[in-house]
Amino acid sequence: MNVKFNFKELAVQVAVCATLLLLTPAIMYLITLDPKDALTIISFIAPVLVPCFILFFLNYYLLLPKLFYKGHKAWFYISNLAMLPLIKYNFFFDFLLSGSSESIPKYAWVGIGTLIFTYILFYIGTICLAWGILNSKRGKILHRQLAEERQRHSEAELVWLKNQLNPHFLFNTLNNISSLAAIDIDRAQDSIAILSDLLRYAIYDSNKPSVPLAKETEFMQNYIELMNLRCSGKTKVETSFDISSPGLPIAPLLLVCFIENAYKHGLSNSHESFIRLSLTESDGNLTFVCDNSNFPKIKDSHSGNGIGLRNMRRRLDLLYQGRYSWEQTLDNDVYHVRITISLCEISAAQ
């Protein structure tokens, strides 16, 4: 992963180095008002700090990106080791190689060795600082790239899930109208008009990230009205809609799968059956409840085989993770599902 050169970052680093070099001399000058005192301080700290600055910039902009992160770690270490005596030339060459070291008492070499070791640790710390800052920067870039990749993956998956839902919905609806056409032409025409509104919503509005809750509610009511055409006199359908904030955003076609599932498995031509649907919203919290009698289809039925519900659960995970609850039970041949969603945070999530 390449880190792009940032001139602003370089300017900040140079400013920090200049501040570290000049701060103490400036304070001394303000105290004594003598430029010589400031220059004396600079003469002491410059031989220590300037080599550190050179090591930092060489490692940050050259050795780490070009050698260490490219897999040439051996050359990285060799390069840094080679620079240590060269950068501190005034000590290693002017002092140790000038012959003046012969007059130094043997016990003094302990202090000199300690000084050299301290310099080496200081320079290693500088290299580690450059590595730490650069590694943190690379980590943030990688984290952002991974987040962007996850977002692209989630968006692509949502598109795929919608494409799975819409054909499934149309397949069942067209079958209903086809059956109705042989019984009552007028009602079939009314159903086609309702279907036209549903298709307009499914084709155009479902491509948006969110729609007003009122539009989704209207779609559900029209869908229920259309599905009721397949009900016999043995089926009782009860609905309740209570929305206090119709402008709240909600993902389109989010709950229709549960309604479709209720009609698919809750109807019987030979037994009494029922479907009870309710949708309530208060303070941004949406609650959908569906209870229906249960007449499961045979396993080889081609009516969806649970694809819709699985996809719907996945959509909820992608869009409302941590902001929804799913309750699903089957007790005494009564199928119950209760979905609660916090819609208040949908805008932030999208």
Do we have Ala193 as in a helix (DSSP H, G or I) and more than 23 Å from Asn175 (Cα to Cα) here? no
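I need the full set of residues from the stretch 12-54 which are under 37 Å from the mean Cα position of the chain (by Cα) and open to solvent by less than 50 Å² (accessible area, probe 1.4 Å), in order please. If you could, list the steps in order and put the result at the bottom.
So in the stretch 12-54, the residues under 37 Å from the mean Cα position of the chain (by Cα) come out as 12-17.
Result: Gln13, Cys17.
Quick one: in the stretch 258-276, which of the residues that are of a type in the set (A, V, I, L, M, F, W, C) and open to solvent by less than 10 Å² (accessible area, probe 1.4 Å) is nearest to the chain's Cα centre (by Cα)?
Let us first name the residues in the stretch 258-276 that are of a type in the set (A, V, I, L, M, F, W, C), namely 258-259, 262, 267, 274-275.
Add one more test, that the residue is open to solvent by less than 10 Å² (accessible area, probe 1.4 Å), and what stays is 258-259, 262, 275.
Details: Phe258: 28, Ile259: 31, Ala262: 34, Ile275: 39 Å.
Ranking the candidates gives Phe258 first.
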What number of residues within the stretch 203-250 satisfy the criterion of being acidic (Asp, Glu), at pLDDT 90 or above, over 12 Å from Leu343 (Cβ atoms) and in a helix (DSSP H, G or I)? 1
Taking Gln189, is it among the polar types (S, T, N, Q) and at pLDDT below 75? no
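Given the condition more than 19 Å from Ser196 (Cβ to Cβ), open to solvent by less than 10 Å² (accessible area, probe 1.4 Å) and out of contact with any Ser or Thr (no Cβ under 8 Å at 6 or more places or on another chain), answer yes or no: does some residue in the stretch 236-256 qualify?
Just the residues of the stretch 236-256 that are more than 19 Å from Ser196 (Cβ to Cβ), to begin with: 236-251, 254-255.
When the remaining residues are screened for being open to solvent by less than 10 Å² (accessible area, probe 1.4 Å), the result is 250-251, 254-255.
Still in the list and also out of contact with any Ser or Thr (no Cβ under 8 Å at 6 or more places or on another chain): 254-255.
For the stretch 236-256, residues more than 19 Å from Ser196 (Cβ to Cβ), open to solvent by less than 10 Å² (accessible area, probe 1.4 Å) and out of contact with any Ser or Thr (no Cβ under 8 Å at 6 or more places or on another chain): present.
So which residues in the stretch 191-231 are open to solvent by less than 40 Å² (accessible area, probe 1.4 Å) and over 22 Å from Phe288 (Cβ atoms), if there are any at all? If you could, list the steps in order and put the result at the bottom.
Narrowing the stretch 191-231 to residues open to solvent by less than 40 Å² (accessible area, probe 1.4 Å): 191, 194-195, 198, 201-202, 205-206, 210-211, 213, 216-217, 219-220, 222-224, 226-227, 231.
Matches in the stretch 191-231: Ser191, Leu195.
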Name every residue in the stretch 286-305 that is open to solvent by 80 Å² or more (accessible area, probe 1.4 Å) and either of a type in the set (A, V, I, L, M, F, W, C) or modelled with pLDDT of 95 or more (or both), in order of residue number. Ile298
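The values are calculated or read from the model by the stated rules, or taken from the named source; none is laboratory data. The model shown is predicted, which means the values in this text are computed figures rather than measured ones. Every residue, glycine among them, receives a Cβ derived from its backbone with ideal geometry; neighbour counts consider all protein chains shown. We work out accessible area using only protein heavy atoms, side chains counted, and drop any ligands, DNA or RNA first. Shrake-Rupley method; radii C 1.70, N 1.55, O 1.52, S 1.80 Å.
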